[in-house]
Amino acid sequence: MKLTYRIVVGYVACFAIASCTFISTALSADPPWADSLKDSDRPMLALWRSTEHRPGSEAPYLRFAIWEDGRVLYANDPSNWGHDLLHGTVSVACVQRIKSALVDTGVFSLAGTCYLVPSAPIDCVMIDLGDKQQMLHWDELESAST
């Protein structure tokens with residue numbers, strides 16, 4: 001089977017959500033660990049919409065981010081790109097399952113990392129496992145020819 005962005009992101013999202021139990025809290029205020037974040041404190045996995053190419057858009061919008069220590073930020077409404085976020089944690093075992101699943105998808109061996117059409121929303125996924133890193137950009141424009 002040829003790997004495509006949709007397949008890879010589908011695997012990533014399924015493993016990140018289905019294999020873990022979130023302990024979540026509404027993000028009415030910054031998470032308790034927000035003050036300790038530094039520019040170098042990158043999540044190991046993050047998915048966001050970088051632009052929508054339309055007036056009035058407030059992009060970028062974070063869908064989810066997971067750090068190696070189990071910290072998680074994620075969209076309150078997964079059916080709507082927005083800035084209403086929740087925060088929580090996942091277990092160390094869950095983080096390890098996600099890391100293994102990411103390697104198993106083949107995402108680090110993709111030949112191309114950016115396939116876009118003009119004026120379409122651009123979604124991005126960043127994967128940082130220390131020795132292996134990948135950044136993918138794609139659009140979600142649907143048409144009869146795709």
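The values are calculated or read from the model by the stated rules, or taken from the named source; none is laboratory data. Since the model is a prediction, treat every value here as computed from it, not as a measurement. Note that each Cβ is placed from the backbone with ideal geometry, even for glycine, and that neighbours are counted across all protein chains shown.
Which pairs turn up if I take residues in segment 103-118 that are more than 21 Å from D139 (Cβ to Cβ) and look for partners that are at pLDDT 90 or above and outside any helix (DSSP H, G or I) with beta carbon separation below 9 Å, at least 6 apart in sequence or on another chain?
V103/L129; V103/K132; F108/I127; F108/L129; F108/K132; F108/Q133; F108/Q134
Given the conditions (1) among the aromatic types (F, W, Y); (2) modelled with pLDDT under 90; (3) under 18 Å from the mean Cα position of the chain (by Cα), report the number of the one that W67 does not fulfil.
Result: W67 fails condition (2) only.
From the list A101, A93, exactly one residue is over 18 Å from the mean Cα position of the chain (by Cα), at pLDDT 90 or above, not in a strand (DSSP E or B) and not charged (D, E, K, R). Which is it? Lay out the reasoning, then the answer.
Details: A101 fails: over 18 Å from the mean Cα position of the chain (by Cα).
Going through A101, A93 in turn, the sole match is A93.
Could you please tell me which pairs satisfy a Cβ distance under 7 Å, a separation of 6+ or placement on different chains, a first residue in segment 44-65 that is polar (S, T, N, Q), and a second residue that is assigned to a strand (DSSP E or B)?
Sorted first by the residue in segment 44-65, then by its partner, the pairs are S50/I122; S50/C124; T51/I122.
Conditions first: (1) without any contact (Cβ under 8 Å) to a residue 12 or more places away in the chain; (2) in a strand (DSSP E or B). L136 passes all but one, so which condition is the exception?
It fails just one condition, (1).
I'm trying to understand the selection: among the residues of segment 64-81, which are surrounded by 14 or more Cβ atoms within 10 Å (Cβ to Cβ), assigned to a loop (DSSP other than H, G, I, E, B) and not acidic (D, E)? Spell out the reasoning first.
Within segment 64-81, the first condition is being surrounded by 14 or more Cβ atoms within 10 Å (Cβ to Cβ), and the residues that meet it are 64-68, 70-75, 81.
Now narrow it down to the ones that are assigned to a loop (DSSP other than H, G, I, E, B): 67-68, 70, 81.
Within segment 64-81, W67, G70, W81 qualify.
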